[in-house]
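Take a look at the structure below.
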Amino acid sequence: MELKAKYKESFIFSITAPLHYGKEVEELVRQLSPSARKIFQISETQKFELPKKEIKIAAITQSMLSAKSKFAIHAWALTRLSLQDILTKVASNNIAEDQSVLEKEH
């Protein structure tokens, strides 16, 4: 539970739209949350981490309703970080720290 408490300040935002709208989708997400961090993209689905303090759920809902007609959005979701997301984030941070230490040693 300590990990969840530490990382509860973010939402995960997933959006699925045709590949040729990839840049437009990223720009839309940055308008909703300037500090959004892209986690990954697999085919047409992009996943972002959004700080809770920057977003309003109603604004995201309104933006998605508007964007559906422009970008042919197939699906979108706003969820809390899952335990898997948190563990992946912790593991990524540990790997980055280990690489930094190794680079300093050489």
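The values are calculated or read from the model by the stated rules, or taken from the named source; none is laboratory data. Model, not experiment: these values are computed from the prediction. We place every Cβ from the backbone using ideal geometry, glycine too, and count neighbours over all the protein chains shown. Just so you know, the surface numbers come from the protein's heavy atoms only, side chains and all, with ligands and any DNA or RNA stripped out. Shrake-Rupley method; radii C 1.70, N 1.55, O 1.52, S 1.80 Å.
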Qualifying residues in the range 29-51 (those that are open to solvent by less than 70 Å² (accessible area, probe 1.4 Å) and charged (D, E, K, R)) - the one farthest from the chain's Cα centre (by Cα): Glu44
Do you know which residues across the range 68-78 are surrounded by 12 or more Cβ atoms within 10 Å (Cβ to Cβ) and part of a helix (DSSP H, G or I)? Lys68, Phe71
Being out of contact with any Phe, Trp or Tyr (no Cβ under 8 Å at 6 or more places or on another chain), more than 18 Å from Glu9 (Cβ to Cβ), open to solvent by 50 Å² or more (accessible area, probe 1.4 Å) and at pLDDT below 85, is that true of even one residue in the range 55-67? no
Across the range 31-56, the tally of residues that are under 15 Å from Arg80 (Cβ atoms) and not in a loop (DSSP other than H, G, I, E, B) stands at 8
